[in-house]
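Here's the structure we're looking at; comments come further down.
The values are calculated or read from the model by the stated rules, or taken from the named source; none is laboratory data. Bear in mind that the values here come from a model prediction, so they are computed numbers and not experimental data. Counting neighbours? That spans all protein chains shown, and the Cβs are built from the backbone with ideal geometry, glycine included. To get the accessible areas, we keep the full protein, side chains included, count just its heavy atoms, and leave off ligands, DNA and RNA. Shrake-Rupley method; radii C 1.70, N 1.55, O 1.52, S 1.80 Å.
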Amino acid sequence: MTQILHDSDRLPQGAVVATIGMFDGVHLGHATLLQALKEQAASRGLKSCAITFARHPQHVLRPGGDLRMLMPLEQRVAHLQAMGLDYVAVMDFTPELAAHTSLEFMHMMQQHWGVSALIVGYNHRFGHDRDATFATYVEHGRQLGIEVIKAPEYLGQYAPVSSTIVRGLISAGKVDDACNCMGRPYRLSGEVVHGFHNGRGIGFPTANVGNLDPLIILPHTGAYAVMVDVAGKRMQGMVNVGYRPTLDNGRKLSIEVNIFDFDDDIYGMPITLEFIKFLRLEFKMGSIEELRAQLTSDRERSIKILNNL
């Protein structure tokens, strides 16, 4: 069972082998790093610890910026726990912490969580001195008594992979490529809220997904084949992310999912979409009949895609 640590927690000196990162998306590159962490810890008879931040440094240092995340903290921590680590340490990133040099940061990790060895991710940087290199960290480690180890580079079929790359794929609508980088489909969670109620009238009732985390990235506008988790069920569906131009519903972005062969009342329930495949861009059609025909085609294509999962 993975233990979650916070800023106020302490571990005995020399107790753990650690690595540090945001781990947004917990993608296949992260999985390579975390596997190396577990192996290094086991070889030394020590515990493994992944150190992450509750908030992305950019959200603290540049509030109001446009950086969007792949997953909220709770989901990120759950995925890190699923990696089989002994500890996940969640730090509160603050402007004061941002002012630390890499040497000061390594010393703090040593004092707080007993870090005796540090696995440094491929091309990863930490500390205020962003020009520090791996050789710099090794020298800091020599001064502090921390062994510094370079993590192996992820060399899988879809390398290179990074959180930035995955965000770019999702924002471009390339959700299947993002899935290949993450090792799982991109998930978006919210709550079923009242929408425009137009779908039922054309034979495609939809659940309007709202109350989304504003810091989580949205896929490019368009239609997608999705898997849907709601009301304790897992079902097939298709979703439109966009502005519904054919129905002239204004410029408010909506996320409306048509769940196949399902028409229960689910208003107010939590809902999660897994984006499997981009179907088409959103465009204004000439009539409701044309829209209905397009949705029928989208549904048939989605079923073929989802039946092959």
Test for Val16: is it modelled with pLDDT of 95 or more and either among the hydrophobic types (A, V, I, L, M, F, W, C) or open to solvent by 50 Å² or more (accessible area, probe 1.4 Å) (or both) | yes
Selection from the range 78-90 of residues that are open to solvent by less than 20 Å² (accessible area, probe 1.4 Å) and either part of a helix (DSSP H, G or I) or out of contact with any helix residue (DSSP H, G or I) (no Cβ under 8 Å at 6 or more places or on another chain) (or both) = Leu80
Six or more apart or on different chains, Cβ under 7 Å: which pairs go from a residue in the range 257-273 that's surrounded by 13 or more Cβ atoms within 10 Å (Cβ to Cβ) to one that's among the hydroxyl-bearing types (Ser, Thr, Tyr) and modelled with pLDDT under 95? Could you list them?
-> Val257/Thr206; Asn258/Thr206
Of (1) more than 18 Å from the chain's Cα centre (by Cα); (2) modelled with pLDDT of 95 or more; (3) more than 25 Å from Asp264 (Cα to Cα), Val209 satisfies all except one. Which?
-> (3)
Scan the range 1-41 for residues that are in a loop (DSSP other than H, G, I, E, B) and among the charged types (D, E, K, R) and jot them down.
-> Asp7, Asp9, Arg10, Asp24
For the range 108-128, name all the residues that are surrounded by fewer than 15 Cβ atoms within 10 Å (Cβ to Cβ) and modelled with pLDDT under 80.
-> Asn123, His128
Please find, within the range 232-254, the residue that is least open to solvent (accessible area, probe 1.4 Å) out of those that are at pLDDT 95 or above and more than 16 Å from Ser297 (Cα to Cα).
-> Val241
Mind checking which residues of the range 2-34 are free of Cβ contacts under 8 Å to residues at least 60 places away in the same chain and more than 22 Å from the chain's Cα centre (by Cα)?
-> Ser8
Strands (runs of 3 or more DSSP E) contained in the range 130-245 and holding at least 1 residues touching a residue at least 60 places away in the same chain (Cβ under 8 Å) and among the basic types (Lys, Arg) | 186-193
Which number in (1) surrounded by fewer than 14 Cβ atoms within 10 Å (Cβ to Cβ); (2) over 24 Å from the mean Cα position of the chain (by Cα); (3) closer than 25 Å to Leu61 by Cβ marks the one condition that Thr136 misses?
-> (1)
Among the residues of the range 274-307, which ones are loosely packed, with under 12 Cβ neighbours inside 10 Å and either touching a Gly at 6+ places or on another chain (Cβ under 8 Å) or more than 15 Å from Tyr224 (Cα to Cα) (or both)?
-> Leu281, Gly286, Ser287, Glu289
Residues that are over 24 Å from Arg44 (Cβ atoms), in contact (Cβ under 8 Å) with a residue 60 or more places away in the chain and open to solvent by less than 60 Å² (accessible area, probe 1.4 Å), drawn from the range 91-107 = none
Looking at (1) surrounded by 14 or more Cβ atoms within 10 Å (Cβ to Cβ); (2) within 14 Å of Gly25 (Cα to Cα), find the lone condition where Met227 falls short.
-> (2)
